[in-house]
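Visitor: Pasting a structure here, questions to come.
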Ligand code: MN3
């Protein structure tokens, strides 16, 4: 094999690796997730992994939301991005132990409880942890594909129907400049509304209760959708667990 041939072979093998990764090869992503978890388990100092905060499990396999959300994205999003919030929170809890004894909701509803010097990192990391735990739980590979009962009636009354709600929420998601989230919420004055929040701010910061939420940070979709955030949002609706959304709505309206 001459130099030109070996370069061609190298390029072809790199292309195959990249293509299988971008296609969301489930076994590959799963193996990579396990490898990353092991690496992280070994690499983190004890002080970072020990503490009151734990990474919540997804409740389904990393490839379960294919083809709408790919296995590689789910793996990295859960084991790296969400894990980073957990690691940071455990470090913050060493400096301010109350962080681990109050509920995240109680803290996020009133950040003035947090010592001023820690308020920004608590807002970002506790917000990130809360948002992602909510997000994983709201998605499912199966289940109802449409809202039912009281939530359906409220959506019909507030927006005119599910199609109009999804248009409005998708517009909030694509309109969010930079990184953030789009939400269906019950507002302080008990109205169903669509909002968007920046960074990792949860709706609780403005006194609203989340019913549906979708991550529109680039890390949530870029491997599969690249810059096509609108396509990701459109596909994402296929993953919504409407039973969970109905339970959030019921609790928020009570
Ligand atoms: Mn995220």
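The values are calculated or read from the model by the stated rules, or taken from the named source; none is laboratory data. Here the structure is a predicted model, which means the values were calculated and not measured. Cβ coordinates were reconstructed from backbone atoms using ideal geometry, including for glycine residues, and neighbour counts include every protein chain displayed.
Visitor: Return the residues of region 165-205 that are closer than 17 Å to residue 134 by Cα and out of contact with any helix residue (DSSP H, G or I) (no Cβ under 8 Å at 6 or more places or on another chain); say none if nothing qualifies.
Guide: 180, 198, 203
Visitor: Regarding residue 150, is this residue more than 13 Å from the ligand (Cβ to nearest atom), more than 25 Å from residue 220 (Cβ to Cβ), out of contact with any strand residue (DSSP E or B) (no Cβ under 6 Å at 6 or more places or on another chain) and touching a residue at least 60 places away in the same chain (Cβ under 8 Å)? Break it down into steps so the answer makes sense when it comes.
Guide: Details: more than 13 Å from the ligand (Cβ to nearest atom): yes; more than 25 Å from residue 220 (Cβ to Cβ): yes; out of contact with any strand residue (DSSP E or B) (no Cβ under 6 Å at 6 or more places or on another chain): yes; touching a residue at least 60 places away in the same chain (Cβ under 8 Å): yes.
Answer is yes for this residue.
Visitor: Which condition does residue 167 not pass, out of (1) within 18 Å of the chain's Cα centre (by Cα); (2) within 20 Å of residue 229 (Cα to Cα), if it passes all the others?
Guide: (1)
Visitor: Another question about this same structure. Can you name every one of the helices (runs of 4 or more DSSP H) wholly within region 195-254 that holds 1 or more residues which are modelled with pLDDT of 95 or more and either more than 16 Å from the ligand (Cβ to nearest atom) or in contact with a strand residue (DSSP E or B) (Cβ under 9 Å, 6 or more places away or on another chain) (or both)?
Guide: Per the criteria, 229-236, 242-253.
Visitor: Pairs, please: C-beta under 6 Å, at least 6 apart or cross-chain, first residue closer than 15 Å to residue 56 by Cβ and touching a residue at least 40 places away in the same chain (Cβ under 8 Å) and in region 119-140, second in a helix (DSSP H, G or I) and within 11 Å of the ligand (Cβ to nearest atom)?
Guide: As it stands, the answer is 125/85; 128/85; 129/85; 132/82, since those pairs meet every condition given.
Visitor: Residues that are more than 13 Å from the ligand (Cβ to nearest atom) and more than 27 Å from residue 241 (Cβ to Cβ), at least 2 per element: which helices (runs of 4 or more DSSP H) completely within region 64-143 meet that?
Guide: 83-95, 119-138
Each row is one residue, and each column tells you yes or no for (1) assigned by TED's automatic domain parsing to the domain that holds residue 215; (2) more than 26 Å from residue 209 (Cβ to Cβ); (3) modelled with pLDDT of 95 or more.
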| position | (1), (2), (3) |
| --- | --- |
| 10 | no, yes, no |
| 16 | no, yes, no |
| 87 | no, yes, yes |
| 101 | no, no, yes |
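Visitor: Another one. Among (1) surrounded by 19 or more Cβ atoms within 10 Å (Cβ to Cβ); (2) not assigned by TED's automatic domain parsing to the domain that holds residue 206, where does residue 155 come up short?
Guide: Failing condition for residue 155: (2).
Visitor: While we're looking at this one, here's another question. Could you list all residues from region 166-194 that are assigned to a helix (DSSP H, G or I) and out of contact with any strand residue (DSSP E or B) (no Cβ under 9 Å at 6 or more places or on another chain)? If you could, list the steps in order and put the result at the bottom.
Guide: Looking only at region 166-194, we keep the residues that are assigned to a helix (DSSP H, G or I), and these are 166-175.
Of everything in region 166-194, those that are assigned to a helix (DSSP H, G or I) and out of contact with any strand residue (DSSP E or B) (no Cβ under 9 Å at 6 or more places or on another chain) turn out to be 166, 167.
Visitor: Could you identify the single residue in 33, 24 that is within 16 Å of the ligand (Cβ to nearest atom), under 30 Å from residue 237 (Cα atoms) and modelled with pLDDT under 95?
Guide: The unique qualifying residue is 33.
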